[in-house]
Amino acid sequence: MNTDTRKYYLDWLRVITVALLVPHHAAITFSHIGDAYVLTREPVNSLYFFIQSTFLNLWFMRLLFFISGIAAFYGLRKRSHREFLTERVKRLLVPTLFGVALLCPASAYMLAKNTYGFTGSLLQFYPVFFSNFEKYLGWGHFWFLAYLFVYSVILIGIRKYCGGTCSRYRERMGRLLSAGNGIFLPMAAVVFLEMVFRPFYPGRQNLYADWANVTVYLLFFLAGYAFGSREDFLEAVTKKIGGFGLLGGISAGCYIVLAYIQWRSPQYAGRIHTAGYGYAAFSAFFRGIAEYSLVMVCVGTARKYLNRRGPVFSYLTKTSFALYIFHFVLLSLIMYFLIGIPANPFLLYGIAAAGTYLLFILVFELIVKRISPLRFICGIKSDPPEQQKKPPQRTAPEDLSHEKA
């Protein structure tokens, strides 16, 4: 496949993964497995919610970092280091600051009222939010953009100071990974990092005390950059879908069982991440295998079956980053009014997820795309006059997309 031909399957992966954030965060409201701004008074001990949250957490954010690494490769092919970092500031740091300044306090306000009994106004809550930043979930889901900016700076440092050494190493690595079963070798690095760091740093997405996530996500980002630079890597992934699927299925199943034992067993109740190192390392071993395998399954399957434009492709790619930015506050708003209704939690879960998608479309069409600052934050540009009658082309940030990838 020509590397200069746009790889639509990566856009589809990004769109699908971002869309999955809605049911993922909706489930947390009921299961309490993770962080959400609106929680039920008591967790719903549902096997479905547990499996959904645990399974998605194995791969979907790692997949976004992998895609972002490929995006970085294509972005740096036509930009200098300075231009690339300037673009990153606009497309990553500006949306993060917007989110932390406006959306996170609004979402946390619902957490304060629903969970902590706060009775003041949103304006009165602002100083409370910033003085209790982590208590109210800090930068929320915008952690991804902050991490991605840091990784982009690291990548520039590697490119700048390694020079030709990196190119020679990439060639040797290319011959190793593209031959036989070599494409499975990076899995060992993921497993190593998970076993070394995960038992001690279960994950808070705060950069300074999150070494398991920091190192594993960085590895996936750099792997994406390397895979983007060599089409034979991606071809090898496609050829090994079956092997990755088998490994991913077995290892994910083992990890979910171990996590469920921790979650439900009286011995480990309330201690999901504080069991002895041996148990945690054993669980991290399966986790690392599942993470790499499932990401490769997604990439290989999409490359094989989704490398084409669909009828709604342009609209989905244009709105995907905006959905990432706004989905949590919209979902939290819907959940805030739903959780008091005495109804089946699965019914409320479905209503909340579907309602979030519908409310987002209204917000996007009526507000976001009509206000220039919001268009800028969401990476939306107006089409040139000669193209306005054609299907819209998205110019979403490279962290969640790619350029001619």
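Cβ-Cβ distance of Tyr277 and Val257, R₀ of 25 Å, FRET efficiency by 1/(1 + (r/R0)^6): the value works out to about 0.85.
Counting neighbouring beta carbons within 10 Å and listing from fewest to most, the residues Thr29, Thr5, Thr40, Thr317 come out as Thr5, Thr40, Thr317, Thr29. Along the axis of the charge dipole computed for segment 83-192 (Cβ charges of +1 for Lys and Arg, -1 for Asp and Glu, origin at the Cα centre), the listed residues Leu148, Leu177, Asn114 are led at the positive end by Leu177. The order of Ile339, Ile154, Ile325, going from fewest to most other C-beta atoms within 10 Å of their C-beta, is Ile154, Ile339, Ile325.
With contacts taken as Cα pairs under 8 Å and at least 6 residues apart, the chain reaches a relative contact order of 33 percent. Structure note, pairs Lys135/Lys369; Lys240/Lys304; Lys78/Lys160; Lys240/Lys318: Cα-Cα distances above 23 angstrom occur for Lys135/Lys369; Lys240/Lys318. Rounded to whole numbers, the Karplus 3J(HN,Hα) couplings from phi for segment 341-353 are 7, x, 9, 4, x, 6, 5, 5, 4, x, 4, 5, 5 Hz, using 6.51 cos²θ - 1.76 cosθ + 1.60 with θ = phi - 60°, and x at Gly and Pro. Less than 5 angstrom separates the built amide H of Ile33 from none of the residues sequence-distant by 5 or more or on a different chain.
Every helix of 4 or more DSSP H residues in the chain counts as -39500 (n - 2.57), and over all residues that averages to -22500 deg cm²/dmol at 222 nm. Taking the Cα centre of the chain as reference, the dipole from Cβ charges on Lys and Arg (+1) and Asp and Glu (-1) amounts to some 960 debye. When the trypsin sites (Lys or Arg not before Pro) in segment 295-383 are filtered for DSSP coil states and for at most 14 other beta-carbon atoms within 10 Å of their beta-carbon, the remaining sites are Arg308, Arg309, Lys381. The gain in end-to-end length when the Asp35 to Glu235 segment is fully stretched comes to 68.3 nm, 0.36 nm per residue minus the alpha carbon separation. For the chain, the fraction of C-alpha pairs more than 26 angstrom apart is 56%.
Read-outs: derived from the displayed coordinates by stated rules, not from any lab. Please read these numbers as outputs of a predicted model, since none were measured by experiment. In this analysis, Cβ positions are derived from the backbone assuming ideal geometry, glycine residues included, and neighbour counts consider all displayed protein chains.
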